[in-house]
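Structure, as structure tokens:
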Amino acid sequence: KETVGGTTYFYTDTTPAPLTGMVFPNYHIYPPTAPHVAYMQPKANAPSFFMADELRQELINRHLITMAQIDQADMPAVPTEVDSYHSLFPLEPLPPPNRIQKSSNFGYITSCYKAVNSKDDLPYCLRRIHALVFAYDFHAGGETMMSRHFNDPNSDAYFTKRKWGQHDGPLPRQHAGLLPESLIWAYIVQLSSALRTIHTAGLACRVMDPTKILITSKTRLRVNCVGVFDVLTFDNSQNNNPLALMAQYQQADLISLGKVVLALACNSLAGIQRENLQKAMELVTINYSSDLKNLILYLLTDQNRMRSVNDIMPMIGARFYTQLDAAQMRNDVIEEDLAKEVQNGRLFRLLAKLGTINERPEFQKDPTWSETGDRYLLKLFRDHLFHQVTEAGAPWIDLSHIISCLNKLDAGVPEKISLISRDEKSVLVVTYSDLKRCFENTFQELIAAANGNDRNSN
């Protein structure tokens, strides 16, 4: 048995013993897309050997943001180094030098940077309270919940321009101004999970606010700036019992969670203001399930007893499994995309080695080196890979043919292949095993010459 967060789990190891008699292919192949993933995605006109464009673009954007740097001449206010961190890059607009306005959350002027730690060369997020610097994990491409869901100035109109009882226009509805309930529950599951982890450790979050909740990818949430308040409000008079107020702070976390959920349901921060609560709850009642309404009421209403984040689990109910299934399905899709790329490094190394051999102008003072012996076979193989034409003389380009032939070369299979000279006067029949031997011997010859000795290297 194992106890996690106050819950005891009983389990039995039922891992089956490895089967005997298994036979695996001795060459590299790409299996077709798994059926359960194939039917999740739009059909393509042809099999794809590479990851989906949407995922590729998302990863490329993350890489660009991670590697982004500033022109120090244009931004002299950004320091070149802070302690062991360098290459600072602002993640938020820098405050003006004479700024008086302070952060609405912390009561101090703040700024945020991406920086690289010289100790491990990894990027981090630095949150500067203009007297202290806090370092957090960096998530490229992340945006705050505030910027994604609460940046429309018209979203507050229901609360700010309409008096109670007047109906001069349609009420906000799901898919027509309001967020779908499934998305709100996805956020609830993640935020309540974060609070459960923090509270189980005997600590408090204290920054459950849309400006400090980061969204990466489409719906992945992370809570930023945890621990800042613990430092800013530390009281030496309580150093004998620094956790004396933790239960109070945990109750405040639940209220903050309720406000975040209510704001999401109203699609407006104005809905959580005290004078608008009645209108906000009516909006929730009209558009969403009673479970969501009850969860918000439970979190925002004074209770006669200490509340726990575990108390809202029954309200989440089976929706937890919906979110778990969605996460697992996305994991399946991403793993399938990864499987398409897993052999690319190996194939690239093959092409890179082949490129160092083919059409080499001169080697060891022999200008005909690449046109004779094993090198000539490899030249014809290169033509077989890339330079075939149709009967009409048009280029014949087939990516599956290229990948298949490279895999067979890498494995050195005994299959025979016909190589035809460019003048079509010679036809050489060899096996991929022969080609692999020629390929490896020739490349080792180049490596030995590059190293100035006869030492072999891969």
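The values are calculated or read from the model by the stated rules, or taken from the named source; none is laboratory data. These figures come from a predicted structure and were not determined experimentally. Virtual Cβ from ideal backbone geometry, glycine too; neighbours counted across all protein chains shown. For the accessible areas, the whole protein counts, side chains as well, though only heavy atoms, and no ligand, DNA or RNA atoms are used. Shrake-Rupley method; radii C 1.70, N 1.55, O 1.52, S 1.80 Å.
Applying the criterion of being in contact (Cβ under 8 Å) with a residue 12 or more places away in the chain and surrounded by fewer than 15 Cβ atoms within 10 Å (Cβ to Cβ) to the residues of the range 359-372, the residue that is nearest to Leu435 (Cα to Cα) is Glu359.
All conditions but one from (1) more than 30 Å from His63 (Cβ to Cβ); (2) within 28 Å of the chain's Cα centre (by Cα); (3) of a type outside the set (Asp, Glu); (4) assigned to a helix (DSSP H, G or I) apply to Thr211; the one that does not is (1). Ser118 satisfies every condition listed in (1) surrounded by fewer than 16 Cβ atoms within 10 Å (Cβ to Cβ); (2) polar (S, T, N, Q); (3) out of contact with any Ser or Thr (no Cβ under 6 Å at 6 or more places or on another chain) except (3).
The lone criterion from (1) farther than 20 Å from Ala449 by Cα; (2) not assigned by the TED database to the domain that holds Lys293 left unmet by Arg305 is number (2). Within the range 284-310, restricting attention to residues that are outside any helix (DSSP H, G or I) and open to solvent by 50 Å² or more (accessible area, probe 1.4 Å), the residue that is farthest from Ala194 (Cα to Cα) is Asn304. If a residue has to be of a type in the set (A, V, I, L, M) and either touching a Cys at 6+ places or on another chain (Cβ under 9 Å) or open to solvent by 50 Å² or more (accessible area, probe 1.4 Å) (or both) to count, how many in the range 391-402 make the cut? Total meeting the criteria: 3. Out of curiosity, is Glu336 surrounded by fewer than 20 Cβ atoms within 10 Å (Cβ to Cβ), assigned to a helix (DSSP H, G or I) and in contact with a helix residue (DSSP H, G or I) (Cβ under 6 Å, 6 or more places away or on another chain)? Here the answer is yes, as Glu336 does meet what is asked. One residue stands out in the range 214-232 among those that are open to solvent by 50 Å² or more (accessible area, probe 1.4 Å) and part of a loop (DSSP other than H, G, I, E, B): the one that is farthest from Trp185 (Cα to Cα), namely Val226. Of all residues in the range 226-241, none satisfies being over 20 Å from Ser182 (Cα atoms) and in contact with an Asp or Glu (Cβ under 9 Å, 6 or more places away or on another chain). Per the conditions (1) free of Cβ contacts under 8 Å to residues at least 40 places away in the same chain; (2) over 22 Å from Arg349 (Cβ atoms); (3) of a type in the set (Gly, Ala, Ser), the sole criterion not satisfied by Ala450 is (2).
No other residue among Asp325, Asp383, Asp332 is on the phi < 0 side of the Ramachandran plot, at pLDDT 85 or above and touching a Ser or Thr at 6+ places or on another chain (Cβ under 9 Å) apart from Asp383.
Can you find, within the range 233-252, the residue that is most open to solvent (accessible area, probe 1.4 Å) among those that are touching a residue at least 12 places away in the same chain (Cβ under 8 Å) and not aromatic (Phe, Trp, Tyr)? Once the filter is applied, the top-ranked residue is Leu243.
Any chance the range 375-390 includes a residue that's in a helix (DSSP H, G or I), open to solvent by 40 Å² or more (accessible area, probe 1.4 Å) and among the hydroxyl-bearing types (Ser, Thr, Tyr)? Among the residues of the range 375-390, at least one is in a helix (DSSP H, G or I), open to solvent by 40 Å² or more (accessible area, probe 1.4 Å) and among the hydroxyl-bearing types (Ser, Thr, Tyr), which makes the answer yes. Residue check: is Asn241 assigned to a loop (DSSP other than H, G, I, E, B) and more than 22 Å from Gly317 (Cα to Cα)? Yes; evaluated as a whole, the condition is true for this residue.
Among the residues of the range 284-302, is any among the acidic types (Asp, Glu) and in the same structural domain as Ser147 (by the TED database)? So far as the range 284-302 goes, yes, one or more of its residues are among the acidic types (Asp, Glu) and in the same structural domain as Ser147 (by the TED database).
Residues that are open to solvent by 50 Å² or more (accessible area, probe 1.4 Å), more than 14 Å from Asp383 (Cβ to Cβ) and either assigned to a strand (DSSP E or B) or outside the structural domain of Phe381 (by the TED database) (or both) within the range 406-444 comprise Lys416, Val429, listed in sequence order.
Just for the range 311-332: of the residues that are open to solvent by less than 70 Å² (accessible area, probe 1.4 Å) and not hydrophobic (A, V, I, L, M, F, W, C), which one is farthest from Ala247 (Cα to Cα)? Looking at residues that are open to solvent by less than 70 Å² (accessible area, probe 1.4 Å) and not hydrophobic (A, V, I, L, M, F, W, C), I get Asp332.
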